[in-house]
Amino acid sequence: MKFRKVLAFSLAAVMAAGTLAGCQNKADKKYPTGGDVTVIIPKSPGGGTDISTRGLLQYMKKYADGINFVPTNKPDGGGVTGMVETSKAKPDGYTLGAVTVELAMFPHQGKTTLTYKEFAPIAAQIAAPAALIVPKDAPYNTVQEFADYCKANPNKVQMGNSGTGAIWDIATTEFEDEFGVKVKHIPYPNGTADIVAALAGGHIDATLADPSGVKSQYEAGTVKILGIMADTRSKLYPDVPTFKELGHNLTIRAWAALVAPKDTPADVLKYLRDVAKKTVEDPEYQQYLMKQGIDPVEIIGDDCYKMMEEDDALYAKALADTSSSK
C-alpha cells in the first residue's frame with residue numbers, strides 16, 4: 001500500500017511538472033503563438049477603410065507565421081466606438097484595429113478625447129490625397145491658373161466638399177489660405193460620389209477630394225486633375241503634379257492605419273511591422289489596391305506615427321480657425 005501511495009505521488013508530481021513546463025514554454029514562446037488575431041474596423045463593410053484593411057490583412061497572412069486575422073466591423077459613433085475598443089484592448093498583439101483620419105479631427109471637434117497617442121501604429125493601408133478636380137472644358141489647366149481664376153472671381157467659384165469641418169472642406173480652406181483666394185463652399189455630406197455627380201452635372205466648378213472617385217471619368221477624359229496634395233506623385237495618376245513640387249507645402253490625406261494598443265511590447269510591434277513592410281512592398285498587393293482605385297502607400301511604424309502626429313496638429317489649427325471664423 002505504501003509503495004502504491006509513493007508511486008501515485010511520484011506520477012502526480014511528474015504530471016504537474018510537465019504541465020508547469022508546458023505553461024512556461026508557451027509563455028516563453030515568442031509572438032505569434034498561433035491562433036486568431038482580432039482586427040476591429042471602425043467603419044461599415046464595403047467602404048474604403050474596410051476594403052483596404054481587409055486587403056492588407058489578406059496579404060499579410062502570406063508573411064505571418066500562422067496568424068489568422070479576423071476582421072470585425074464596429075462603425076458606431078462615426079467610428080469612435082471601434083477605435084476606443086482597440087485602444088482599451090489587451091496589448092498582446094492579439095487585438096489590433098484600424099484608425100482613420102477622423103482620429104486627428106474628432107478630438108478638436110469635441111467628439112472624443114481619444115487621440116493618436118493611445119496607439120502604436122503598424123502601417124497605413126490607405127492615405128488618399130486631396131486632388132484638385134475640374135471639368136474637362138474648364139478654362140484652366142494648372143493649379144496656378146485655377147488660383148488666378150478664383151482670385152479674379154472672388155466667392156463665385158463653387159467647390160464641392162464633404163460638409164463643413166470635414167476633410168475635403170478643410171482641404172479647400174487650406175487652398176484658400178495658401179493662394180489668398182475665396183471660393184464658395186458647397187457641402188455634399190454623403191461624400192465623394194455625390195461631389196463627382198455634381199461636378200459631372202455642371203452644378204459645381206471644382207472640388208478638392210479623393211481622386212479615386214473620378215478614376216473612370218479621368219480615364220474617359222471628362223474631368224481634369226490639376227494637382228494632388230501629397231508628398232509624392234500618385235501611382236494611379238503619375239502625370240499629375242503634386243502641390244509640393246509646384247512650390248506649395250500642402251498635404252491633405254484621408255488615411256486609415258492598422259494599429260495596436262500603445263503598450264504593446266516592442267518585439268510584437270517589430271514583428272507586425274516587418275510583416276506589414278513585406279506586404280506593402282509586394283507587387284501583388286499593390287496591384288490589388290490599384291484595381292480597387294486605391295493608391296498604394298508605404299508608411300510603416302514611426303513614419304505612420306509621424307503622419308498621425310502631423311495631421312493632429314494640422315486639424316487642431318484648421319478646425320480652430322474654422323470655428324473662430326464663424
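One residue stands out among those in segment 75-89 that are in a helix (DSSP H, G or I) and not β-branched (Val, Ile, Thr): the one that is most open to solvent (accessible area, probe 1.4 Å), which is Asp76.
State all residues of segment 215-246 that are over 17 Å from the mean Cα position of the chain (by Cα), polar (S, T, N, Q) and outside any strand (DSSP E or B); if no residue qualifies, say none. Within segment 215-246, Ser216, Gln217, Thr222 qualify. Mind checking which residues of segment 254-264 are under 19 Å from the mean Cα position of the chain (by Cα) and crowded, with 18+ Cβ neighbours inside 10 Å? Those that are under 19 Å from the mean Cα position of the chain (by Cα) and crowded, with 18+ Cβ neighbours inside 10 Å: Ala254, Trp255, Ala256, Ala257, Leu258, Val259, Ala260, Pro261. Of note, Asp137 satisfies the criterion of being open to solvent by 10 Å² or more (accessible area, probe 1.4 Å), at pLDDT below 95 and out of contact with any helix residue (DSSP H, G or I) (no Cβ under 9 Å at 6 or more places or on another chain). Within the group Asp92, Asp65, Asp50, which residue is free of Cβ contacts under 8 Å to residues at least 60 places away in the same chain, out of contact with any Gly (no Cβ under 7 Å at 6 or more places or on another chain) and outside any helix (DSSP H, G or I)? So the residue among Asp92, Asp65, Asp50 that is free of Cβ contacts under 8 Å to residues at least 60 places away in the same chain, out of contact with any Gly (no Cβ under 7 Å at 6 or more places or on another chain) and outside any helix (DSSP H, G or I) is Asp65.
Do we have any residue at all in segment 224-246 that's surrounded by fewer than 21 Cβ atoms within 10 Å (Cβ to Cβ) and at positive phi? No: zero hits.
Per-residue answers, yes or no, for (1) of a type outside the set (Gly, Ala, Ser); (2) closer than 24 Å to Leu319 by Cβ:
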residue: Gln144; (1), (2): yes, no
residue: Glu174; (1), (2): yes, yes
residue: Glu178; (1), (2): yes, yes
residue: Lys182; (1), (2): yes, yes
residue: Ala193; (1), (2): no, no
residue: Val196; (1), (2): yes, no
residue: Thr207; (1), (2): yes, yes
residue: Ser212; (1), (2): no, no
residue: Gln217; (1), (2): yes, no
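Kindly evaluate Thr72 against the criterion of being out of contact with any helix residue (DSSP H, G or I) (no Cβ under 7 Å at 6 or more places or on another chain), hydroxyl-bearing (Ser, Thr, Tyr) and open to solvent by less than 40 Å² (accessible area, probe 1.4 Å). Answer is no for this residue. Does any residue of segment 150-169 turn out to be free of Cβ contacts under 8 Å to residues at least 12 places away in the same chain and either under 27 Å from Ala197 (Cα atoms) or surrounded by fewer than 22 Cβ atoms within 10 Å (Cβ to Cβ) (or both)? Checked segment 150-169: at least one residue is free of Cβ contacts under 8 Å to residues at least 12 places away in the same chain and either under 27 Å from Ala197 (Cα atoms) or surrounded by fewer than 22 Cβ atoms within 10 Å (Cβ to Cβ) (or both).
Kindly indicate whether any position in segment 182-205 is under 14 Å from Val143 (Cα atoms) and hydrophobic (A, V, I, L, M, F, W, C). No - not one qualifying residue is present in segment 182-205. Per this entry, Thr251 is counted among residues that are polar (S, T, N, Q) and within 15 Å of the chain's Cα centre (by Cα). Taking the criterion of being β-branched (Val, Ile, Thr), open to solvent by 20 Å² or more (accessible area, probe 1.4 Å) and modelled with pLDDT under 95, would at least one residue in segment 210-221 satisfy it? No - not one qualifying residue is present in segment 210-221. Close Cβ contacts (under 6 Å, 6 or more residues apart or on different chains) running from residues in segment 101-124 that are of a type in the set (D, E, K, R) to residues that are surrounded by fewer than 23 Cβ atoms within 10 Å (Cβ to Cβ) comprise Glu118/Ser87; Glu118/Lys262. Restricting to segment 265-295, give me the number of residues that are surrounded by 14 or more Cβ atoms within 10 Å (Cβ to Cβ) and in a helix (DSSP H, G or I). Final tally of qualifying residues: 17. Against the list (1) of a type outside the set (Lys, Arg); (2) outside any loop (DSSP other than H, G, I, E, B); (3) at pLDDT 95 or above; (4) open to solvent by less than 20 Å² (accessible area, probe 1.4 Å), the condition Asp303 fails is (4).
Do we find a residue being at pLDDT below 95 and open to solvent by 30 Å² or more (accessible area, probe 1.4 Å) anywhere in segment 48-56? Checked segment 48-56: at least one residue is at pLDDT below 95 and open to solvent by 30 Å² or more (accessible area, probe 1.4 Å). In segment 95-119, the qualifying residues are those that are in a strand (DSSP E or B) and open to solvent by less than 10 Å² (accessible area, probe 1.4 Å), and the one that is farthest from Thr72 (Cα to Cα) is Phe119.
The values are calculated or read from the model by the stated rules, or taken from the named source; none is laboratory data. Here the structure is a predicted model, which is why all the values come from computation and not from measurement. For neighbour counting, all protein chains shown are included, and Cβ atoms are generated from backbone atoms with ideal geometry for every residue, glycine included. Side chains included, ligands, DNA and RNA excluded: accessible areas come from the protein's heavy atoms. Shrake-Rupley method; radii C 1.70, N 1.55, O 1.52, S 1.80 Å.
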